[in-house]
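Heads up: the structure comes next, in structure tokens.
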Amino acid sequence: MEARRQLEIIKNNTAEIIQEDELLSKLQRSVATGIPLRVKLGLDPSAPDLHLGHAVVLHKLREFQQLGHQVIIILGDFTGRIGDPTGRSETRRQLSDEEVLANAATYREQIFKILDPDKTQVHFNSEWLAKLDFAEVIQLSARYTVARMLEREDFARRYREQQPISIHEFFYPLMQGYDSVALRADVEFGATEQKFNLLMGRHLQREYGQEPQVCVMMPILVGLDGVQKMSKSLGNYIGITEEPQQIFGKAMSMADELMPEYYRLATDYSMEQAAEVEAALKNGSLHPRDAKMRLAYRIVQIYHGQPAADLAAAEFRKVFQQRDLPSDIPEIDASALTGNGSVQLVRLLVYAGLAASNSEARRLLNQGGVRVDGEKIDDAEAEILVRPGLVIQAGKRRFIRLK
């Protein structure tokens, strides 16, 4: 494909490219020589599971692969022992070798739900970082100053607030930058919050006499709450390994105004396809419910395949549109809670795992979020008679059946 058209596709939905003219030049050279660009993404295996926010950059890398370029994934088993200090207000706990390798193995399995394995190289950065002797480490650290390192926002804030900064944390961006030197990367990807680390790669490549890489930064996906970035700790996430019905239900729960962003960033829709959906929503030719069903279906299809997406869609229609019950409600034995055959509903909700605490159970009841055999119960002091087959529903998607 002609270089300017490639650039147009690559630019779509990116937050920033440093420098765009350099990327065009690299693409033109690639077209002329037939040599694909080497496109790098580093992943520190500090957590074992990926969510849709992590997948934003993977979808863009997949576009690079479709344009004929080589994607290189760096699993930071060596840098992971430090942990990325980005956005941190304190020093990270260093991961053990066993934790790093276990998380890295999980990442490896998950990234190929999006990337083409035949067009992807995977490396551990211990392959080159572990081989540096102490003299080479000193030479590496001599190529950057403490003053420049303290320009980084998180370090600057901790320095102002007299919070500890360990010397080894300064080595994280140096080590990640050295990955680009070791691989002679043409392009490196990351989120907007990774800008400092990506620019370090450009700097070190110049220091080592290489052509500097282009830095491509992707936007951060807003979570299902529509306010904060997608995060497992905030509970506003969709995990790519979650059950199909759970993914479908979560996607259907998002606010209508989030859909265009999710079509652009969380699916493999082309920029033209995503634009068509957004235009149809604006002119009223596509109902938001139908657009959301299409979005939920596509997300499940990407990570679990079409049969799973078909089942998840059918199950959603059955439960939420036809008001039927799910076909696979988990069963529990609540006989241990009963005295005279009845039990306080608050206790049952907590026992069944439908509420984390008595206070949460009371809040659910007071808000009308609990149904017993389809009947809404809003009395926090309610007791129910325990009998086999009784179905308890909390919220929209959580059900249990009594044995």
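The values are calculated or read from the model by the stated rules, or taken from the named source; none is laboratory data. As the structure is a prediction and not an experimental result, all values here were calculated from the model. Don't worry about glycine lacking a Cβ; one is built from the backbone with ideal geometry, like all the others, and counts go over all protein chains shown. Side chains are part of the model used for accessible areas, which takes the heavy atoms of the whole protein and leaves out ligands, DNA and RNA. Shrake-Rupley method; radii C 1.70, N 1.55, O 1.52, S 1.80 Å.
Counting only heavy atoms of the protein chains, get the accessible area per residue of the chain (1.4 Å probe) and round it to a whole Å² value. Intermediate results must be reported in sequence, preceding the final value.
Working: 19420 Å² over 403 residues.
I get 48 Å² per residue for the chain.
Give me the aspartates and glutamates in straight-line cross-link reach of residue 113: C-alpha distance below 20 Å, same-chain residues under 8 apart excluded.
44, 49, 63, 242, 243, 268, 310
Taking the Cα centre of the chain as origin, sum charge times position over the Cβ atoms of Lys and Arg (+1) and Asp and Glu (-1), and report the length of that vector in debye to the nearest 20.
That gives a dipole near 380 debye.
Determine the share of the chain's accessible area contributed by carbon and sulfur atoms, expressed in whole percent, with a 1.4 angstrom probe.
Working: 9330 of 19420 Å².
Of all accessible area on the chain, carbon and sulfur atoms account for 48 percent.
Assuming R0 = 41 Å, what is the FRET efficiency of residue 145 and residue 287, from their Cβ-Cβ distance, to the nearest 0.05? Could you put the intermediate results ahead of the total?
Details: r = 57 Å, r/R0 = 1.40.
After rounding to 0.05, the efficiency reads 0.10.
List the lysines whose Cα sits under 29 Å from the Cα of residue 403, skipping any in the same chain fewer than 8 residues away.
Straight-distance partners of residue 403: 250, 318, 376.
What would the Debye formula give as log10 I(q)/I(0) at q = 0.09, 0.10, 0.11, 0.14 Å⁻¹ for the alpha-carbon point model of the chain, no solvent?
Those come out to -0.67, -0.80, -0.92, -1.23, one per q.
How much length would be gained if the chain were fully extended between residue 336 and residue 272, taking 0.36 nm per residue of separation minus their Cα-Cα distance, in nm to one decimal? Show your work: numbers first, answer last.
Numbers: separation 64, 0.36 × 64 = 23.04 nm, distance 5.80 nm.
Additional length available on full extension: 17.2 nm.
To the nearest 500 deg cm²/dmol, what mean residue ellipticity at 222 nm is calculated for the chain from DSSP H runs of n ≥ 4 alone, each contributing -39,500 (n - 2.57), summed and divided by the residues?
My calculation for the chain gives -13500 deg cm²/dmol from helical runs alone.
Taking the dipole about the Cα centre of the chain, with the C-beta of Lys and Arg at +1 and of Asp and Glu at -1, give me whichever of 314, 245, 142 is farthest to the positive side.
314
By a straight-distance test (C-alpha under 22 Å), which lysines pair with residue 26 as possible cross-link partners, with residues fewer than eight away in the same chain excluded?
Here the lysines satisfying the reach criterion relative to residue 26 are 11, 40, 60, 119, 195.
Restricting to the chain, what percent of DSSP beta bridges are antiparallel, rounded to 5? Display every interim value, and only then the final one.
Numbers: 18 of 39 bridges.
In the chain, DSSP labels about 45 percent of beta bridges as antiparallel.
Would you kindly state how much longer the chain becomes between residue 32 and residue 232 on full extension, computed as 0.36 nm times their sequence separation minus their alpha carbon distance, in nm to one decimal?
Values: separation 200, 0.36 × 200 = 72.00 nm, distance 4.42 nm.
Net length gain for the segment: 67.6 nm.
For a label point 7 angstrom out from the Cα of residue 109 toward its Cβ, which stretches of the range 40-74 have the backbone nitrogen within less than 17 Å?
Only 45-51 pass the distance filter.
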